[in-house]
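**Q** Dropping a structure here in structure tokens format, bear with me for questions.
The values are calculated or read from the model by the stated rules, or taken from the named source; none is laboratory data. Quick caveat: nothing in here was measured; it's all calculated off a predicted structure. All Cβ positions, glycine included, derive from the backbone under ideal geometry; neighbour counts span all protein chains shown. We work out accessible area using only protein heavy atoms, side chains counted, and drop any ligands, DNA or RNA first. Shrake-Rupley method; radii C 1.70, N 1.55, O 1.52, S 1.80 Å.
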Amino acid sequence: MIKNPIPWPNGARCACAITFDMDADSLIHISRPADSHDRLYPVSMGKYGPEVAVPRILQTYERLGLKQSFFVPGWCIEQYPAAVESMLEQGHEVGHHGYLHEDPVRHSYQEQADWFGRAMDAHKRIAGNIPKGYRAPVYNINQGVFDLLLEYDFEYDSSLMGDDIPYMLEYRDRKLVEIPVHWGTDDWPPFAHYEEIGYMMPVKGPADGLQPFWEEFDAHYESGGFFHCIWHPFLTGRLARWRRVEAWLEKTLEEKKVWFAPLHEIARHVRDWSQSNPIRTDQLPYYREPPLASAKAMGQVES
Ligand SMILES: [Zn+2]
């Protein structure tokens, strides 16, 4: 069911990545800047990520021999260096995820460049890390960010939703790997409730909330695809949820032919494969101006 599937290393039927975006309490500070410091419950909910969930997740990964990817805003690296150092010490990848989880489309290209550079500095200064992969906060990447990815020599982006498996993006005569995401494997819909940032959904129980992810895995496993979770330590790293994930990981690693890898390894594999094989390649930008603007200019729609 997948056109031009990519063969995975060692005969694996499915590539797998459980990625965690360690946003911590950046979310409340960027959305309620006037008084976020005194909103103690959301700050504590965010701090649970680096302080409680990340050590738990890393312990599981270490026991099962997994290397995975984390995306961490620069400010969170400054606030929680121990969590990030542990990730790197254990051989995981730490990717770029903005500075304070700022939404790219809400800022000018120049402001975005400033935030982006500040985050690069935090990665390097605090963790000795030079990220090669990027995920936009709330997936809201735009062309201004793609210019920055080229400027800083990134290998891949993981913010777009254009396919089931990784594909290539061509922009300004350069190529980047896109490692696609989608809302069906994001843990925000089943597990987040965050009234302060305008997100109010009924929280599902651990088994119910995780079930759609396992269905996604089954479909990808049957099709030779790519199972990619986009999770958050303060959500899926909670005790009862992680207990179920851990049991699923144990069973899957034992019974299935899967390739769990950090995204930069998957990106490298895909790039190598693309050198001599057909692969989906999207040209950016998709549009040079909003379609409605050109329709108005041609008098096709009322302004
Ligand atoms: Zn995030």
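**Q** So, Arg56, is that one modelled with pLDDT under 95 and over 30 Å from Pro278 (Cβ atoms) or not?
**A** For Arg56, the condition - modelled with pLDDT under 95 and over 30 Å from Pro278 (Cβ atoms) - is not met.
**Q** Answer yes if at least one residue in the stretch 223-242 is without any contact (Cβ under 8 Å) to a residue 40 or more places away in the chain and among the charged types (D, E, K, R), and no otherwise.
**A** No, the stretch 223-242 contains no residue that is without any contact (Cβ under 8 Å) to a residue 40 or more places away in the chain and among the charged types (D, E, K, R).
**Q** Of all residues in the stretch 76-100 being in contact with an Asp or Glu (Cβ under 8 Å, 6 or more places away or on another chain) and part of a loop (DSSP other than H, G, I, E, B), which is least open to solvent (accessible area, probe 1.4 Å)?
**A** Per the stated criteria, the residue is His97.
**Q** Only residues that are of a type in the set (Val, Ile, Thr), in a loop (DSSP other than H, G, I, E, B) and in contact with a helix residue (DSSP H, G or I) (Cβ under 7 Å, 6 or more places away or on another chain): list them for the stretch 154-204, please.
**A** Selection gives Ile179, Val181, Val203.
**Q** Could you identify the single residue in Glu62, Glu93, Glu89 that is of a type in the set (Asp, Glu), closer than 24 Å to Tyr156 by Cα and touching a residue at least 24 places away in the same chain (Cβ under 8 Å)?
**A** Within the list Glu62, Glu93, Glu89, the selection yields Glu93.
**Q** Taking the stretch 3-31 as the region of interest, how many residues are small (Gly, Ala, Ser), assigned to a helix (DSSP H, G or I) and open to solvent by 10 Å² or more (accessible area, probe 1.4 Å)?
**A** The first filter runs over the stretch 3-31 and keeps only residues small (Gly, Ala, Ser), leaving 11-12, 15, 17, 24, 26, 31.
So of that shortlist, the ones also assigned to a helix (DSSP H, G or I) come out as 11, 26, 31.
Within this subset, residues satisfying the condition of being open to solvent by 10 Å² or more (accessible area, probe 1.4 Å) are 11, 31.
Within the stretch 3-31, residues that are small (Gly, Ala, Ser), assigned to a helix (DSSP H, G or I) and open to solvent by 10 Å² or more (accessible area, probe 1.4 Å) number 2.
**Q** When the residues of the stretch 107-131 are narrowed to those that are within 17 Å of Val94 (Cβ to Cβ) and not in a helix (DSSP H, G or I), which ends up most open to solvent (accessible area, probe 1.4 Å)?
**A** Ile130
**Q** Restricted to the stretch 67-99, and to residues that are under 15 Å from the mean Cα position of the chain (by Cα) and aliphatic (A, V, I, L, M), which residue is farthest from the ligand (Cβ to nearest atom)?
**A** If we take residues in the stretch 67-99 being under 15 Å from the mean Cα position of the chain (by Cα) and aliphatic (A, V, I, L, M), then Val94 is farthest from the ligand (Cβ to nearest atom).
**Q** What are the pairs with Cβ atoms under 6 angstrom where one residue, in the stretch 187-205, is farther than 21 Å from Glu216 by Cα and open to solvent by less than 60 Å² (accessible area, probe 1.4 Å) and the other, located anywhere, is at pLDDT 95 or above and not hydrophobic (A, V, I, L, M, F, W, C)? Sequence gap at least six, or different chains.
**A** Glu196/Pro42
**Q** I'd like the residue in the stretch 1-24 that is within 12 Å of the ligand (Cβ to nearest atom) and either in contact with a Cys (Cβ under 9 Å, 6 or more places away or on another chain) or among the polar types (S, T, N, Q) (or both) and, out of all such residues, is farthest from Tyr221 (Cα to Cα).
**A** Filtering first and then ranking leaves Ala24.
**Q** Name the residues in the stretch 100-121 that are within 16 Å of the ligand (Cβ to nearest atom) and touching a Phe, Trp or Tyr at 6+ places or on another chain (Cβ under 6 Å), would you?
**A** Matches in the stretch 100-121: Leu100, Glu102, Trp115, Ala119.
**Q** Within the stretch 132-154, how many residues are surrounded by fewer than 15 Cβ atoms within 10 Å (Cβ to Cβ) and basic (Lys, Arg)?
**A** The qualifying residues number 0.
**Q** Taking the criterion of being part of a loop (DSSP other than H, G, I, E, B), touching a residue at least 40 places away in the same chain (Cβ under 8 Å), on the phi < 0 side of the Ramachandran plot and surrounded by fewer than 24 Cβ atoms within 10 Å (Cβ to Cβ), would at least one residue in the stretch 32-43 satisfy it? Even if it seems obvious, please write down each step before you answer.
**A** Residues of the stretch 32-43 part of a loop (DSSP other than H, G, I, E, B): 32-35, 39.
If we keep only those that are touching a residue at least 40 places away in the same chain (Cβ under 8 Å) too, we end up with 32, 39.
Cutting the leftovers down to on the phi < 0 side of the Ramachandran plot gives us 32, 39.
Still in the list and also surrounded by fewer than 24 Cβ atoms within 10 Å (Cβ to Cβ): 32, 39.
Looking through the stretch 32-43, at least one residue is part of a loop (DSSP other than H, G, I, E, B), touching a residue at least 40 places away in the same chain (Cβ under 8 Å), on the phi < 0 side of the Ramachandran plot and surrounded by fewer than 24 Cβ atoms within 10 Å (Cβ to Cβ).
A quick yes/no check of all residues on (1) open to solvent by 90 Å² or more (accessible area, probe 1.4 Å); (2) without any contact (Cβ under 8 Å) to a residue 60 or more places away in the chain; (3) assigned to a strand (DSSP E or B):
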residue: Glu250; (1), (2), (3): no, no, no
residue: His264; (1), (2), (3): no, no, no
residue: Asp272; (1), (2), (3): yes, yes, no
residue: Ser276; (1), (2), (3): yes, yes, no
residue: Asp282; (1), (2), (3): no, no, yes
